Amino acid sequence: MRLLISTLVVSVSFFASSFSQSDPPVLSAWLRNTNGRVGYNNLPADVQQVRFSTNWVYSNSSNIPTNQNYQFKISRNPVENTGTKISTPLGVIAFWKNGVSIYNALDAMSYNNQNIWHQNAVVVEAPSFDACLGHPAQQGRYHNHQNPRCLYNIDSTRHSPLLGYAYDGFPIYGPYGFVNTNGTGGITRIKSSYRTRSITQRTTLPDGTVLQPSQYGPNVSTTYPHGYYAEDYEYVSGLGDLDAYNGRFCVTPEYPGGVYTYVVTTNANGSSAYPYVIGPKYYGIVATENITTQGHVTISEPVTVYNPTSAVGEQSDMPAKFELKQNYPNPFNPTTEIRFQIAEIRGQSEGLLTEKSAVSRVTLKVYDVLGKEVATLVNEVLQPGEYSVGFDASRQSSGVYYYRLETGGKVAVKKMALLR
């Protein structure tokens, strides 16, 4: 089975930070690669450099499976676009905080190539997504159209972390936030205000436009189910918590004074909810250079390299513990995802703290209730980081199975249930 490693192949623990808490999030939130970590194809992992001026932040990342040499530009002072809102384009529309690109909900194809009924990538391209809900485009750009679930841990009891920034400079958060926009009321799942339209025939658009017969889309069917096209959805003000751009103005842990935020929306069962990250249009004024260059902006002003140091010494942003997580979904049929993290090995050398970039051999195996091994999912030397691997039990019988992670003398075991 193919090992799927979160977004930039060597993922880092989301909550650890080497940044000064007093620095603005648009500077400090990026997961900078400060120790030369590499991932797939030996490419540098995460964000390689952050630079800034009075008004802008510039971040660099490589991405996978080929080096994209991204350099994107984010406003330090984002504002609402009070004029004509800009549509999110095909291709890169934003970046996660580890430097991986974000695409909108579309896959660039439309019914009969008429540019009327636009295919929903999350539905149409679903078989190509890995366990992190991402995939590479034809140009070799790995990206997500939806929830980057390998980038962070979803916790329904805590405010979700800041996950990235859009091209208009506004932050993107995970699906859980404060009930009230002023930061009170506890934690809740922040809901999209879009829903699938009550239609069986595709003869009208969400804004009420009645189409000519030659412009009709295919009838709703098993082949073209509800949600197959973006035009199957409609925005209903007040239906959920968010506006038509899939955001709201609210207090967050990083912005105690309040900020407009986009939200990665999910359904109650954890599946992705349209429009997934950013709505069909941006809320704010967009740095259009990002769009015209597809995230390869040229810096044309004096900038400063962001390189903060902690008062107690720079902390590693790699996982601090060995952990095997519960598979998802569970129970499952017939596939499930197993995530685990491998910590750095640290030691003392002449009074200095040293780090090793690799650990001993890692094995992840699946056993039945009789203790018989039914699958070896991982058996290799891995660098510290978070990992995700899929388990396909299509050849197994219903029942309880155990999965066992072992490395460096440490062992963890959990159970899962296959229900057919």
Inset, instruction - Return the sequence-ordered ³J(HN,Hα) values of the stretch 40-51 in whole Hz as given by the Karplus equation 6.51 cos²θ - 1.76 cosθ + 1.60 applied to θ = phi - 60°, using x for Gly and Pro. - result: 3, 6, 6, 7, x, 8, 6, 8, 7, 7, 10, 10
Legend entry - Protection proxy ranking of 410-416, 28-34 - average other beta-carbon atoms within 10 Å, highest first: 28-34, 410-416
Legend entry - Sequence-distant residues sharing a close amide H with Arg76 (under 5 Å, placed H): Trp56, Val57
Inset, instruction - Treat the count of other C-beta atoms within 10 Å as a stand-in for reagent exposure and order Lys281, Lys321, Lys97 from fewest to most. - result: Lys321, Lys281, Lys97
Inset, instruction - Pick out which of Ser75, Ser300, Ser398 has the largest mean-square fluctuation in a Gaussian network model of the chain, springs linking Cα atoms closer than 10 Å. - result: Ser300
Inset, instruction - Measure out, as a whole number of angstrom, how far apart the alpha-carbon centroids of the stretch 271-289 and the stretch 45-79 sit. - result: 18 Å
Legend entry - Gyration tensor (alpha-carbon) shape descriptor, the chain, a/c threshold 1.5: oblate
Inset, instruction - Tell me what the chain gives for mean residue ellipticity at 222 nm when only DSSP H runs of n ≥ 4 count, each as -39,500 (n - 2.57), the sum divided by the residue total, rounded to 500 deg cm²/dmol. - result: -500 deg cm²/dmol
Inset, instruction - In a Gaussian network model over the chain where Cα atoms closer than 10 Å are linked, find which of Asn182, Asn60, Asn147 has the largest mean-square fluctuation. - result: Asn182
Inset, instruction - Name the residue, out of Thr293, Thr265, Thr82, whose mean-square fluctuation peaks in a Gaussian network model built on the chain with Cα pairs under 10 Å. - result: Thr82
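Here, each number is a calculation from the coordinates, and none is a lab measurement. Given the structure is predicted, the values throughout are model-derived calculations rather than measurements. Virtual Cβ from ideal backbone geometry, glycine too; neighbours counted across all protein chains shown.
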